[in-house]
Amino acid sequence: MPHRHVYKVVEIVGSSPDSIEDAISGAVEKASRSLRELRWFEVVETRGHIENGKVGHYQVKLKLAFTLE
């Protein structure tokens, strides 16, 4: 019998003053503390916060998927 997977997808937003990559990594690491079996992510939106004419924070909306048990 073929091995089938079913995933649940949730949306979260990560933020970092340093980079988009750091915002993604931080969000995934934080989510992995409470969601088991995380399998993939998709960046669905990128935005930022401006402070005094400079980038203050990068914000990234992610879809995270985890395997249903």
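If you go through the stretch 22-39 and keep only what is of a type in the set (Asp, Glu) and surrounded by 12 or more Cβ atoms within 10 Å (Cβ to Cβ), you end up with 22, 37. The set of residues in the stretch 46-62 that are without any contact (Cβ under 8 Å) to a residue 24 or more places away in the chain, open to solvent by 70 Å² or more (accessible area, probe 1.4 Å) and under 16 Å from the mean Cα position of the chain (by Cα) contains only 47. Take the conditions (1) part of a strand (DSSP E or B); (2) in contact (Cβ under 8 Å) with a residue 12 or more places away in the chain; (3) surrounded by fewer than 15 Cβ atoms within 10 Å (Cβ to Cβ); residue 65 misses just one of them, which is (3). Contact annotation: residue pairs with Cβ atoms under 9 Å, 6 or more positions apart or on different chains, pairing a residue in the stretch 1-19 that is open to solvent by less than 80 Å² (accessible area, probe 1.4 Å) with a partner that is in a loop (DSSP other than H, G, I, E, B), are 10/35.
The values are calculated or read from the model by the stated rules, or taken from the named source; none is laboratory data. Remember, it's a predicted structure, so these values are computed and weren't measured experimentally. Reconstructed Cβ throughout: ideal geometry from the backbone, glycine too, with neighbour counts over all protein chains shown. In case anyone asks, the SASA skips ligands and DNA or RNA and just uses the protein heavy atoms, side chains included. Shrake-Rupley method; radii C 1.70, N 1.55, O 1.52, S 1.80 Å.
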